[in-house]
Amino acid sequence: MLKGNTAIITGGSRGIGAAIAKKLAAAGADIALLDIGNSEQAAEVIAACEESGVTAKFYECNVADFNQTKAVVTQIGKDFGNVTILINNAGITRDGLIMMMNEEQFDAVISVNLKGAFNMIKHCSRLFIKNKCGRIVNISSVSGLSGNAGQANYSASKAGLVGLTKTVAREFASKNVTCNAIAPGFIATDMTAEITAENNPLAAQIPLGRPGTPEDIAGAAEFLVSSPYITGVVLRVDGGLGM
Ligand code: NAP
């Protein structure tokens, strides 16, 4: 269904990004996988994507770095002619109550989670306009919609992504470029490895009775990149947590 498209996925070496890469490859998209490190794990994801018969390549890149992202997107544009999908998934946490949070913790999270998405969208927009099609999905979080004590930096970055998503959706709508966000709830990955129903009351309150899996998010990402008439939405994928 996505044959003929190339998808850029940031933070794709593990967790949700890796699941999205595999899902989009299974649907026929060629894959440009970006990550700041993790080349061993990236190699496994690339191999899994190639099993679907698509072309997949790894690019080492810090999404927070404006010039690095510009150079990488230019290179991907040369390597693959048909870049039409961007999944802004790379994200970090540096948790702490505001009273304890320092400037470095705040700036680091905003730089990766929010500025990283801006960098990628800005540089990819040229390719989308050239290809007369773009499908952008930003991975936000329920923390950005409801707030979460101990995550002022993270919640602000994820709420910022919602504003960025809606603005990009409006700015590029006339160019057949859509932009949507997914707000995952509690998803079982390395990022949440220390959270359990015992130590986190939110995890115990999920109506569907289980944490989400990276594949749950990947399914939503595939749906949004395959939906040309949906733009500017924030899709909660949280097992009913936000009801
Ligand atoms: P994860 O397992 O920690 O994976 C994040 C990936 O992003 C890693 O491969 C990491 O690389 C990469 N990365 C970090 N900083 C980067 C940078 N500056 N440039 C490029 N890549 C970078 O996280 P996850 O749980 O899969 O989460 C993926 C996204 O979903 C994040 O945006 C997260 O905020 C969001 N989310 C997750 C949950 C959840 O419950 N897990 C809930 C809501 C939203 P390294 O391994 O080299 O650091």
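The values are calculated or read from the model by the stated rules, or taken from the named source; none is laboratory data. Remember, predicted model here, so these are calculated numbers, not experimental data. Cβ: placed from backbone, ideal geometry, glycine included. Neighbour counts: every protein chain shown. Accessible surface areas use protein heavy atoms only, side chains included; no ligands, DNA or RNA. Shrake-Rupley method; radii C 1.70, N 1.55, O 1.52, S 1.80 Å.
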Residue in region 101-111 that is outside any helix (DSSP H, G or I) and of a type outside the set (D, E, K, R) present:
yes
Here are some conditions: (1) in contact with a strand residue (DSSP E or B) (Cβ under 7 Å, 6 or more places away or on another chain); (2) closer than 19 Å to Val225 by Cβ; (3) surrounded by fewer than 19 Cβ atoms within 10 Å (Cβ to Cβ). Gly134 meets all but one. Which one does it not meet?
(3)
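Return yes when Ala203 is modelled with pLDDT under 95, at negative phi and touching a Pro at 6+ places or on another chain (Cβ under 8 Å) and no when it is not.
Working: modelled with pLDDT under 95: yes; at negative phi: yes; touching a Pro at 6+ places or on another chain (Cβ under 8 Å): yes.
Here the answer is yes, as Ala203 does meet what is asked.
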If you take just the helices (runs of 4 or more DSSP H) that sit entirely in region 1-87, which of them hold at least 3 residues that are charged (D, E, K, R)?
39-50, 66-79
What are the residue pairs meeting all of these: first residue in region 38-56, first residue more than 12 Å from the ligand (Cβ to nearest atom), second residue of a type outside the set (Val, Ile, Thr) and in a loop (DSSP other than H, G, I, E, B), Cβ atoms under 7 Å, and 6 or more apart or on different chains?
Val54/Gly28; Val54/Ala29
Note on region 171-218: residues touching a residue at least 24 places away in the same chain (Cβ under 8 Å), surrounded by 16 or more Cβ atoms within 10 Å (Cβ to Cβ) and of a type in the set (Ser, Thr, Tyr) are Thr178, Thr189
Taking the condition part of a helix (DSSP H, G or I) and small (Gly, Ala, Ser), does Ala117 pass?
yes
Extreme residue, nearest to the ligand (Cβ to nearest atom), among residues of region 57-66 that are under 23 Å from Cys179 (Cα atoms) and open to solvent by 40 Å² or more (accessible area, probe 1.4 Å):
Asn62
Would you check which residues across region 92-125 are more than 16 Å from the ligand (Cβ to nearest atom) and exposed (fewer than 14 other Cβ atoms within 10 Å of the Cβ) and list them?
Leu97, Ile98, Met99, Met100, Asn102, Glu103
Residue by residue through region 154-167, note down the ones that are open to solvent by less than 10 Å² (accessible area, probe 1.4 Å) and either among the aliphatic types (A, V, I, L, M) or in contact with a Lys or Arg (Cβ under 6 Å, 6 or more places away or on another chain) (or both).
Leu161
Open to solvent by 70 Å² or more (accessible area, probe 1.4 Å) and within 21 Å of His123 (Cβ to Cβ): is that true of Lys70 in this structure?
yes
